[in-house]
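Every number here is computed from the coordinates shown, using simple stated rules; none is lab data. These numbers come from a predicted model, not from an experiment. Every residue, glycine as well, gets a Cβ built from its backbone with ideal geometry; the counts of neighbours run over all protein chains shown.
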Amino acid sequence: MADFKPFDSANKVLITGAAGFIGFHLAKRLLTMGATILGLDNLNDYYDVSLKESRLAILRQFPTFTFVKGDLADEKVVNDVFTSFQPDIVVNLAAQAGVRYSIDHPRSYIDS
């Protein structure tokens, strides 16, 4: 049987895809537990960006939340986040929403 430890709110957590549905809810939950969160998201326009922005507005009400607009494909952004924030935990939830997009635009997953 696994020995799970309770979440330590002293941990700094990097959540990619923080403006998406799952990333937002995870960030909000951990913030209510007292965690320090850096959310990273590219805010692409595959679906309504205003929905993502409204989620971020809720997260920004927490003083321990920081947001960085950036893409995981941008090595400089990723290096800067890790260097400045130094997360204890990384939860990678960044993804292109919608399976159909990958069928219609397969090169977008290879080319930046």
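Summary table
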quantity: Unit charges at the beta carbon, dipole of region 27-88: most positive-side option, Val78, Leu31, Leu43; calculated: Leu31
quantity: Local electrostatic count at Val49 - Lys and Arg +1, Asp and Glu -1, tallied over other residues with Cβ under 13 Å; calculated: -1
quantity: Degrees separating the helix 49-59 axis from the principal Cα axis of the chain, which is the longest one; calculated: 10
quantity: Burial order of peptide ranges 76-86, 14-24 (average beta-carbon count within 10 Å, highest first); calculated: 14-24, 76-86
quantity: Whole-number D in µm² s⁻¹ for region 29-91, Kirkwood Cα-pair radius fed into Stokes-Einstein, 37 °C, 0.692 mPa s; calculated: 258
quantity: Relative contact order computed over region 27-88 (Cα-Cα under 8 Å; 6+ residues apart), in percent; calculated: 37
quantity: Gyration tensor over alpha-carbon atoms, the chain, equivalent ellipsoid semi-axes in Å; calculated: 25, 16, 15
quantity: Ranked packing of 46-54, 67-75, most packed first, by mean Cβ within 10 Å; calculated: 67-75, 46-54
quantity: Length-normalised contact order for the chain - Cα pairs under 8 Å, 6+ apart - percent; calculated: 32
